[in-house]
């Protein structure tokens, strides 16, 4: 079974890292999201509807099968606060960025 990588957009908004993955034809229950080793792992399967033997295909370009995408995180995040939604073939993962420590100058007396 062949695998493919969903296309993604990765951006920052409102102090959150947002990952949007295009997974047409997938169902929410067939998609899995994990965060490990400072990366987001998106995997699952797009299942083909029951194949009809009477059809004569002239072209079949849509992909079905297992998919996986590992996305390294570009910033530190709060993994325990991550949220994911799936709507109209788009998986959206929102992960709050970790608060950066501010540098404070301490006066030596």
Next item on the list: Read through the list (1) in contact (Cβ under 8 Å) with a residue 24 or more places away in the chain; (2) over 15 Å from residue 34 (Cβ atoms); (3) in contact with a strand residue (DSSP E or B) (Cβ under 8 Å, 6 or more places away or on another chain), then give the number of the only condition that residue 98 fails.
Entry: (1)
Next item on the list: Output the residues belonging to region 56-83 that are assigned to a loop (DSSP other than H, G, I, E, B) and touching a strand residue (DSSP E or B) at 6+ places or on another chain (Cβ under 8 Å).
Entry: 63, 64, 73, 74, 75, 76, 78, 82
Checklist line | First in region 24-38 and free of Cβ contacts under 8 Å to residues at least 40 places away in the same chain, second anywhere and outside any strand (DSSP E or B), Cβ under 8 Å, 6 or more apart | finding: 27/47; 30/47; 38/73
Check: So which strands (runs of 3 or more DSSP E) are wholly in region 1-55 and hold at least 3 residues that are exposed (fewer than 12 other Cβ atoms within 10 Å of the Cβ) and modelled with pLDDT of 90 or more?
Finding: 7-13
Notebook entry, point to check: Which number in (1) surrounded by fewer than 10 Cβ atoms within 10 Å (Cβ to Cβ); (2) modelled with pLDDT of 95 or more marks the one condition that residue 83 misses?
Noted result: (1)
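The values are calculated or read from the model by the stated rules, or taken from the named source; none is laboratory data. Computed from a prediction, not measured in an experiment: that's the story for all the values here. Backbone-built Cβ (ideal geometry, glycine too); neighbour counts: all protein chains shown.
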